[in-house]
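What follows is a single structure, written as structure tokens, with notes after it.
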Amino acid sequence: MLRYPCLVLDHDDTTVDSTRAVNYPQFLEALARYRPGLDISEAQFFRYCFNPGFYAMCDTVLHYTPEELEGHVAMWKEYHKTHHPQFFPGIPELLQRHRQAGGIFCVVSHSEADVILAAYEEAGVPPPDLVLGAEQPPERRKPAAWPLQEILRRFSLTPKDLLMVDDMPHGGQMARAVGVDFACAAWYGMLPEIEVQMRRQCDFFFSTVEAFTQFLFEER
């Protein structure tokens, strides 16, 4: 019997190693175009994505106009056509084992669904049962409760059937609003100051994919 029939997974830095390999290098390209001379280190980029979040950073730190934000996102989507993040070792096997045991998995992310699905296709990993990303209107995006509510409705599940897995607090905010357990994915190499805060906000904290796999499938 599965501990959680439905896994709800974040994408970036939860299932795929994307910030260091793809998103930050692309961010530097966009920065050079829209804010030349502004220096934001990789560590600071992680901090901004943690708080206040990517889109809020674009507003309060970069002070983008709507047209600049649209241009940045267009550059990001174009970059992802030729730069695909790799899945963390063990994640594809975990998803396959979960599905073979009768479970489902969904993705709720600040990335867009077509970019997420392209990463699964490129890696040869079977696609999620549902993807809800940044293509949704703002009121339906994480950390709003709607994505989890939609998963519950669409698959006729209860909150205890779901586990939200994310490396950022936005997934936890959404989970708490709906009464769903929240697991922190820290295996990407979390900054120490972020780890301290995330440990306070999650029900479960996993530093490795192996520990997470054992938690999901251990005999109870």
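The values are calculated or read from the model by the stated rules, or taken from the named source; none is laboratory data. It should be emphasised that the depicted structure is a prediction, and the values quoted were computed from it without experimental measurement. All Cβ positions, even for glycine, are placed from backbone atoms using ideal geometry, and neighbour counts span all protein chains on display.
Table: residues versus (1) surrounded by fewer than 15 Cβ atoms within 10 Å (Cβ to Cβ); (2) aromatic (Phe, Trp, Tyr); (3) closer than 30 Å to Gly179 by Cα; (4) out of contact with any helix residue (DSSP H, G or I) (no Cβ under 7 Å at 6 or more places or on another chain).
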residue: Cys6; (1), (2), (3), (4): no, no, yes, no
residue: Leu9; (1), (2), (3), (4): no, no, yes, yes
residue: Tyr24; (1), (2), (3), (4): no, yes, no, no
residue: Leu28; (1), (2), (3), (4): yes, no, no, yes
residue: Gly37; (1), (2), (3), (4): yes, no, no, yes
residue: Tyr55; (1), (2), (3), (4): no, yes, yes, yes
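Among the residues of the stretch 101-117, at least one is closer than 18 Å to Glu218 by Cβ and either surrounded by 14 or more Cβ atoms within 10 Å (Cβ to Cβ) or not assigned by TED's automatic domain parsing to the domain that holds Gln136 (or both). Those strands (runs of 3 or more DSSP E) of the stretch 126-220 in which 2 or more residues are over 15 Å from the mean Cα position of the chain (by Cα) and either among the small types (Gly, Ala, Ser) or farther than 15 Å from Cys49 by Cα (or both) occupy 204-206.
Scanning the stretch 71-100 for residues that are part of a strand (DSSP E or B) and surrounded by fewer than 20 Cβ atoms within 10 Å (Cβ to Cβ) returns a single hit, Gln86. Starting from the stretch 145-166, take each residue that is in the same structural domain as Val209 (by TED's automatic domain parsing) and under 25 Å from Thr19 (Cβ atoms) and list its partners that are among the aromatic types (Phe, Trp, Tyr) and buried (at least 17 other Cβ atoms within 10 Å of the Cβ), counting only C-beta distances under 6 angstrom and pairs at least six apart or across chains. Matching pairs, first to second residue: Leu163/Tyr4; Met164/Phe182. Just one of the numbered conditions (1) closer than 26 Å to Arg176 by Cα; (2) within 17 Å of the chain's Cα centre (by Cα); (3) not hydrophobic (A, V, I, L, M, F, W, C) is not true of Gly102: (2).
Residue pairs whose Cβ atoms lie under 7 Å apart, separated by 6 or more positions or on different chains, with the first residue in the stretch 192-215 and polar (S, T, N, Q) and the second outside any helix (DSSP H, G or I), are Ser207/Ala186; Ser207/Trp187; Thr208/Trp187; Thr213/Gly90.
Exactly one residue out of Val108, Val61 is of a type in the set (Val, Ile, Thr), touching a Lys or Arg at 6+ places or on another chain (Cβ under 9 Å) and under 23 Å from Gln173 (Cβ atoms), and it is Val108. The set of residues from the stretch 72-118 being farther than 28 Å from Ser156 by Cα, in contact (Cβ under 8 Å) with a residue 40 or more places away in the chain and among the small types (Gly, Ala, Ser) comprises just one member, Gly90.
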